[in-house]
Amino acid sequence: MGTIDVGGTQRVPWNKGKLTGQKPPLKLREIWAIRIRLQLAGSTRDLAMFNLAIDSKLRACDLTSLRVADICHGSRVAARATVMQQKTQRPVQFEITEQTRASVEAWIRAAALASSDYLFPSRIHGSPHLSTRQYARLVHRWIRAIGLDDTAYGTHTMRRTKASLIYRRTKNLRAVQLLLGHTKLESTVRYLGIEVDDALEIAEQTDV
């Protein structure tokens, strides 16, 4: 696609050279910048949601519909959880880091949530839990707060972030595929935005 002539001026299409719909992951320093801002602001719910979104790598629809019982054993948040994905109807397992467990437990206490309650209940009457649209607005708010252009990011940024960090560290596509709950390796390749030939070569090298 070339440039577009609008009123005599040449404008480059916004998506020129980009994968339309791809949302970049957060860098490690950006993750910590958001965490620190949420901690300083005393945003207990948002901190718990942000940390869990990064750790779980869940789609927005799965994250917002979590119940307390999905990630807790009694009054404690588990170190590992398994959730059935709405899109694929396949289970996906994820680890919950210590700092995420602490922030989620603090939120559960602050909100006085019971085991059967939704983890992130909606504040809008008639809606049992936070909607994906509400969650998206929160993600954009977090991104803006650290000075980034929030139009370039979205809820898939949260899902992609830890997967990208793991891939960068290990180059293990099969592991990332499992963590994201993808049925096809090609889906993981596209999701990470890496070159297909390079990815498949790496995957072959890591097969056992």
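Here is the figure for region 154-177: residues that are in a helix (DSSP H, G or I) and free of Cβ contacts under 8 Å to residues at least 40 places away in the same chain total 10. Exactly one residue among SER65, SER115, SER103, SER43 is within 16 Å of HIS129 (Cβ to Cβ) and without any contact (Cβ under 8 Å) to a residue 60 or more places away in the chain, and that residue is SER115.
Which residues, taken from region 52-79, are within 9 Å of the chain's Cα centre (by Cα) and not in a loop (DSSP other than H, G, I, E, B)? Before the answer, list the steps.
To start, the set of residues in region 52-79 that are within 9 Å of the chain's Cα centre (by Cα) comprises 52-60, 63.
Listed by number, the residues that qualify are LEU52, ALA53, ILE54, ASP55, SER56, ALA60, LEU63.
Of the listed requirements (1) in a helix (DSSP H, G or I); (2) under 24 Å from THR82 (Cα atoms), THR151 misses just one: (2).
Given the criteria over 13 Å from LYS57 (Cβ atoms) and either in the same structural domain as ILE36 (by TED's automatic domain parsing) or at pLDDT below 95 (or both), does THR88 qualify? Working first, answer last.
On the way: over 13 Å from LYS57 (Cβ atoms): yes; either in the same structural domain as ILE36 (by TED's automatic domain parsing) or at pLDDT below 95 (or both): yes.
Here the answer is yes, as THR88 does meet what is asked.
The requirement of being free of Cβ contacts under 8 Å to residues at least 40 places away in the same chain, outside any helix (DSSP H, G or I) and either surrounded by fewer than 12 Cβ atoms within 10 Å (Cβ to Cβ) or in contact with a Leu (Cβ under 6 Å, 6 or more places away or on another chain) (or both) is fulfilled nowhere in region 130-145; no residue meets it.
Within region 91-107, the set of residues being in contact with a Ser or Thr (Cβ under 8 Å, 6 or more places away or on another chain), among the aliphatic types (A, V, I, L, M) and either outside the structural domain of SER75 (by TED's automatic domain parsing) or assigned to a helix (DSSP H, G or I) (or both) comprises ALA106 only.
Filter region 118-128 down to the residues that are modelled with pLDDT of 95 or more, part of a loop (DSSP other than H, G, I, E, B) and farther than 16 Å from ILE54 by Cβ and list them by number. Talk me through it step by step, then tell me what you get.
First pass over region 118-128, keeping only residues modelled with pLDDT of 95 or more: 118-121.
Add one more test, that the residue is part of a loop (DSSP other than H, G, I, E, B), and what stays is 119-121.
Correct list: PRO121 only.
Here region 92-117 is the region considered, the condition is being among the hydroxyl-bearing types (Ser, Thr, Tyr) and surrounded by fewer than 16 Cβ atoms within 10 Å (Cβ to Cβ), and the residue that is nearest to LEU52 (Cα to Cα) is THR97.
Any residue at all in region 73-82 that is in contact with a helix residue (DSSP H, G or I) (Cβ under 9 Å, 6 or more places away or on another chain), buried (at least 19 other Cβ atoms within 10 Å of the Cβ) and modelled with pLDDT of 90 or more? Yes, the conditions are met somewhere in region 73-82.
The values are calculated or read from the model by the stated rules, or taken from the named source; none is laboratory data. Everything quoted here is computed from the prediction, not taken from an experiment. As a convention, Cβ positions derive from the backbone with ideal geometry for all residues, glycine included, and neighbour counts pool all protein chains shown.
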